[in-house]
1. Please list the non-local residues whose amide H lies under 5 Å from the amide H of Val186, H modeled 1.01 Å from N, same-chain partners needing a gap of 5 or more.
2. Apply the Karplus curve 6.51 cos²θ - 1.76 cosθ + 1.60, θ = phi - 60°, to the phi angles in region 74-91 and return the couplings in whole Hz, x for Gly and Pro.
3. Using modelled amide H (1.01 Å from N, peptide plane; none on Pro or chain starts), what sits under 5 Å from the amide H of Leu110, excluding residues fewer than 5 places away?
4. I need the shape label for region 65-183. Rule: rounded when a/c is under 1.5, else prolate if a/b > b/c, else oblate, with a, b, c from the alpha carbon gyration tensor.
5. Which net charge results for the neighbourhood of Gly158, defined as the other residues with beta-carbon distances under 14 angstrom from its beta-carbon, given Lys and Arg at +1 and Asp and Glu at -1?
6. Would you mind checking which residues have amide H under 5 Å from His170's amide H? H placed 1.01 Å from N; only 5 or more apart, or other chain.
7. Please report the net charge: other residues with Cβ closer than 14 Å to the Cβ of Val186, K and R +1, D and E -1.
8. Could you list Ser60, Ser118 in order of exposure, starting from the residue whose Cβ has the fewest other Cβ atoms within 10 Å?
Amino acid sequence: MTIWAPPPDLRGTSRRMLSVLRVALGAIVLAGILMSLTSSVASAHVPTTDGTSTIRQDGSLVRYKLELDYDTLTKAADLGKLPRGAKDAKREAFLESHRAQLASYLAARLTVAHDGESCAAELEDTGITKRQQFLYAGLHLTYRCPGSASGGFTVRYGVFSEADAIGAEHTNMVDYELGGSGGSDVFDSGHRELRVGRSDAEPRESQAGQSDAGPRESQAGETGFLPSMGRFVFMGLDHILLGVDHVLFLVLLLLGAQGWRSVVRLATSFTVAHSVTLALAALGWVEVPSEIVEPLIALSIVYVAVENIARGESRHRTLIVFGFGLLHGLGFAGALSFTDDSGGRLLVTLLSFNLGIELGQLAIVLLLFPLLLLTRRRYSWSTVAHVCVAVVVGVIGLVWFVERVLAPSGAA
C-alpha cells in the first residue's frame, strides 16, 4: 500500500519554516535572558540629566535663570522626599520652603566672578516648569558684581558633579549675554567654566599692537565659537550613540536594506524627518508629551523587526521610515531645549547638535552595513541570523513599549 508523501519541494519548504521557527523561539528565549540579566539595556538610554542656564547682564548685575531636573535637585541638595504623585503646587511650595538650603547648595557650586572678583549671589525666587512633560525646578539668581559694568566674566558650574553622587551624567545648555558678547555653550563633566569678555584689569595692547605683558589668554566669548560648536556636535554624537533605541532602529533598517541604494534612500528619509521635528520641538513650535513619543519610538522598533521577519524591505518602507523619523526627532529634541528665544544662536546650536547626530548615524551605517553585505554573500546561515537578530531586537522593543506605557508621568 502506498502512503502519500509530500513532494520534495514542499518537504524542503516545511523544513525551512520549522528551522526558522526554532530559531525565532530560541531568539525569544535569548532576548528574555538578556533582558533579565542586563537592566541597563532595558532603559534604552544611559542615565542622564539635563538643564538650562540663561545668563543676562543687567549693568553691574548678572541675572541667572537655572533650570534643573526637579527630582535630581532635591536628591543632590538633600531636601528630602515628597509623597509619590504630589501635585505641582505642593512641589512648588516644597521648593520654596527649602530656599535657604538651595541657596547654600548653589553657593558652593555655581559662582560668577567679574574681573577676578567674586559676585555676591542671591537666590531670589524658585518655581517649577515643565519641558517635554518633565518637571524642572526653576531657580532665579542674581549676582551683584563689583566695579564697572564692562570687563570680563567667569562662570564656574559644579552642579550635579561627582561629589553629589547622583549616578547620572549631567549636561546644562547655556545661553548668555555677558560683557558685550552673546553665545551658547554646554556645561558637562569635561567643561565647567565659561569665560566671557576681557578683564579691565588685563594689560591693553599698545598702539603698536604689542601686548604690555605677554600673550593674552583666549576668552570663550571672543574666540570660543568653534569649541562651543564642537561641544554641541559631540553632544549630538553622544545622544545617538548612547541612545540604544535609536541605534537598534538603525540596525533593523540596515538588516532589511537590499543594497547601498536602499540604505541611502532610507537614511535620507530618516534624516530629513528627524531634522524637521528636532528643529520644531527645540524651537518650542511643536510639543508632544514624552509619554506618547517614547512608547511610539519603541513600537517603531517592533514594527520594523516584524517587517524584517515577515518580508524584508517593503515597497512603502521609505514613507514608513519618514514617519518613524518624525517620532525619533521628537525624542532627540528632549536633549535640546532652551527656555527663551536665543535667536541666531539657537540656529547654530541646532545645526551643530544635528550634525553630531548625523555623524553618529553615518558611523553606524559605514561600520555595520559592509559587514552585513559580506555575511549575506559568504554565509548560508545569514538568513537565519537575520531572523534571530530581528526577533531579539523586536522583543526588546516590545519590553520597552510596555515599560514606557506603565512608567509614571514624566519618566518615560
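Bear in mind that the values in this text are calculations on the coordinates, not laboratory data. As the structure is a prediction and not an experimental result, all values here were calculated from the model. Here the Cβ is made from the backbone with ideal geometry for all residues, glycine too, and neighbour counts use every protein chain on show.
1. Correct list: Val174.
2. 4, 6, 5, 8, 6, 8, x, 10, 8, x, 4, x, 4, 5, 4, 4, 5, 5
3. HN-HN under 5 Å from Leu110: Gly158.
4. Working: a/c = 1.94, a/b = 1.90, b/c = 1.02.
In terms of gyration-tensor shape, prolate.
5. Values: positive: Arg109, Arg156, Arg192; negative: Glu162, Asp164, Asp188, Glu193.
Neighbour charge sum, excluding Gly158 itself: -1.
6. Excluding prolines and chain starts, which carry no amide H, the hits are Thr49, Ser189.
7. Values: positive: Arg192, Arg231, Arg345; negative: Asp50, Glu169, Asp175, Asp185, Asp188, Glu193, Asp238.
Charge balance in the 14 Å sphere: -4.
8. Details: Ser60 16, Ser118 13.
The most exposed by this proxy come first: Ser118, Ser60.
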